[in-house]
1. Do you know which of the residues in segment A:150-165 that are in contact with a Leu (Cβ under 9 Å, 6 or more places away or on another chain) and assigned to a helix (DSSP H, G or I) is farthest from A:Leu190 (Cα to Cα)?
2. If a residue has to be of a type in the set (A, V, I, L, M) and surrounded by fewer than 22 Cβ atoms within 10 Å (Cβ to Cβ) to count, how many in segment B:141-162 make the cut?
3. Could you please let me know if B:Gly369 is free of Cβ contacts under 8 Å to residues at least 60 places away in the same chain and either more than 10 Å from every other protein chain (Cβ to nearest Cβ) or within 25 Å of B:Ser200 (Cβ to Cβ) (or both)?
4. Got at least one residue in segment A:180-195 being within 19 Å of A:Glu258 (Cβ to Cβ) and in a loop (DSSP other than H, G, I, E, B)?
5. For segment B:213-220, does any single residue satisfy the condition of being out of contact with any helix residue (DSSP H, G or I) (no Cβ under 8 Å at 6 or more places or on another chain), surrounded by 19 or more Cβ atoms within 10 Å (Cβ to Cβ) and of a type in the set (S, T, N, Q)?
6. Evaluate the following for A:Thr33: is it at pLDDT below 55, polar (S, T, N, Q) and either surrounded by 10 or more Cβ atoms within 10 Å (Cβ to Cβ) or touching a Leu at 6+ places or on another chain (Cβ under 7 Å) (or both)?
7. Just one of the numbered conditions (1) in contact with a Ser or Thr (Cβ under 8 Å, 6 or more places away or on another chain); (2) over 20 Å from B:Tyr57 (Cα atoms) is not true of B:Gly347; which one?
8. Quick check, is B:Gly386 within 18 Å of the chain's Cα centre (by Cα) and surrounded by 24 or more Cβ atoms within 10 Å (Cβ to Cβ)?
Amino acid sequence: MTITETPAGGTAPPAGRPRPNRAPNRRGPARATRRRTPWLLLAPALLWLFVFSIWPSLNTVRMAFTNAKPLGGTERFVGFDNFGYILEDDQVANALLNSVVFMLVCLPLLTILPLLIALLVEKKLPGITFFRTAFYTPVIASAVVVALIWTFMLDDRGLVNGLAQELSIIQGPLPFLTDRWLIVLSAVSLTVWKGLGYYMIIYLAALGNVSKDLHEAAAMDGAGAIRRFLSVTLPAVRGAMLLIAVLVCIAALRVFSEVFIMTGGTGGAGGEALTMVMLIQQYSRGFAGDLGYASALSILMFFVTLVPMLILARINSRSDR
Amino acid sequence: MRNKRTPLLTGFGIVAATALLAGCSAPAASGGSDPEGAVDGSIRFQTWSLTPTYQEYLDEAIAAFEDEYPDASVELVDQPGDGYSEKVLSQASTDTLPDVVNVPPDFALPLAQQGILYDVSQATDMESTYFEGSVDAYRFDGVEGVYGYPWYLGTDVNYWNATQLDDCGLDSANPPATTDELFEQAAIMADNCPENYLISRAPGLGDFTLEDIDILNEDGSEFVFNTPEAAAIIDRYAEAYANGEMPPTVLNADYLGNSQLFTEGKVAWSTGGATAIDSFEENNPSLKGNIVISPALNISPLYVQGLSVSAGSENLSTALAFAEFMTNADNQNDFAHIANVFPSTQGSDEDPYFSEEDGTPSSEARVTGFESLQTAEVLTPYSVNGAMNDYLGQQIALAIRGDISGQEALDTSVEKLNDLLARQ
């Protein structure tokens, strides 16, 4: 039998043979402490996760199969009734379409524009910090305050309509706050304006990791700026781009405050600009809120949110291959 | 080999199942005590957005109660105006509703249905103390009893921007007194001043009640307001909108949209309580001395505020005594004098304060409101909830924009509202 010396001077078990179980010894309490320590450290986070995320999620699933009301009362199991009502409710299809359109328009804008801005402000020029700050400022503003300001600007007698009429671009005011698709478009503009800075920061971090040598090598090989952007920069920030795409999809499908404020909480005439989260809020609020149905809508929303994430994950795995 | 993770997962599963089952439990008024016991111990009294403006009055009233009942103490808790219904809802569902709580009848209805409020008619002879109409506001179909002491009453009066009326060919000394006159003058205003508007509100259930249209059937089980008369009201608004007599934002207007536009000087007419004039003048000083007040068009709406007692109060006798004390004639009159609201107690109407002006716009609003109160009615049934109001508002907005007819808007709304009612 070969005895293998270990760096610490002890003995190691022979290669290929299982390590023998150590008998309980005086080091037991130390091992037990070592085993418990990670759990103790994780406990606050796990408790938080359970109370504020896991339990509410499980409770939502439970409530979706009941006629739950905010004050309880005669709560009973109703099977798939709430999900059946989703199919009959014309507001759901409408809200779902608005949310998906909102996401589809936001996705390219918030994935590409911040990258272009990051490329501009990445350069070390005098005063560039001012522009970085300026682009980031909307991020720290309250969504409600920003939406109110935009509402004043887009009102039929607001700044935008007034200016456009003054310059004879339009004859009468455009119904930014009362026409379905103009409401969605206005909300997209606000979201993009407010979100640019946040995603720009993520791209700036990613761009900082792009090797300058690669750019120099590509330039020496005769690649122009566009070629270098497509062949060097883009592949290098692909991970950040996918992350941003996922974040944008989730945030866009959950859009609420922008459309809510711009339409005074009504979702526009006929509720035709309602989004899914507004619809969930509409059904769940107040003493007579229909929590069972609102929970069923939340579950539908969860699966809708999964779709773009799965598509992006698929794109990512294909690119990796 | 035994999986060491099993205990952890089992524990997690037990905790999750327990938590979920706990979520199934209905809030019920736990505890409760002898309603005829001694008036002692401490209670909590919750008001709705009354401090700091009326802090002094509330403190004095509480001190007077504590002087009368030395063994009792009252803790005042004032909640902000926004999100009050959510606050009361969360208190009720977690069994932490204060002993005495200020809730209007539409909040009290679901609480009474769940047995969370105490039937105060068991402790007090309501009819001999309060106006019948105000007591009726706290009686609900399907629940025996009265679930609140009426505290104070309110109604809406009309506020007109005198300068805008006079500048646009109208007479601020004779503002519209009926809906017909309102539409006639709105058309004149649109012709003379296309930049200004008279009407900036969409119709709702209250407008149908004003025209004697039933909102619900007799047993309250179905909505029945989709009548040709109701459709005609909506079509009239749609016509006014098409003629440029209303701003486009009327399609999105929420409850306060009308008064906000009036405050901003964008429209010449708003409705509001007797205290609204102070708010208009404070937020837009250019309106000072420029507002004409008149009674509400047709019938005035009646708003009731009351004090309800939690059935789960640990000092029920003290809570009942305090709620009755706060709503007695003397205290109601004192409060009405400082808050420009109206008392709900018998005999208070003989106080000249409510029937004689002192020359200030505020007193004019008070006297106008008090006179309107004699014929005021509750215009919207308390069983109409937020989702129902939202849906109806959305359909009416479609009709006003001209996408559908008034009758189509009403038929669609009635179908949906009946659906929502059945799901309650």
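1. Result: A:Ala164.
2. Residues flagged as of a type in the set (A, V, I, L, M) and surrounded by fewer than 22 Cβ atoms within 10 Å (Cβ to Cβ) within segment B:141-162 amount to 2.
3. no
4. Checking segment A:180-195: not a single residue is within 19 Å of A:Glu258 (Cβ to Cβ) and in a loop (DSSP other than H, G, I, E, B).
5. No: zero hits.
6. Spelling it out, it is not the case that A:Thr33 is at pLDDT below 55, polar (S, T, N, Q) and either surrounded by 10 or more Cβ atoms within 10 Å (Cβ to Cβ) or touching a Leu at 6+ places or on another chain (Cβ under 7 Å) (or both).
7. Going through the list (1) in contact with a Ser or Thr (Cβ under 8 Å, 6 or more places away or on another chain); (2) over 20 Å from B:Tyr57 (Cα atoms), B:Gly347 breaks only (1).
8. No: the conditions fail for B:Gly386.
The values are calculated or read from the model by the stated rules, or taken from the named source; none is laboratory data. Quick caveat: nothing in here was measured; it's all calculated off a predicted structure. Note: ideal-geometry Cβ built from the backbone for every residue, glycine included; neighbour counts use all protein chains shown.
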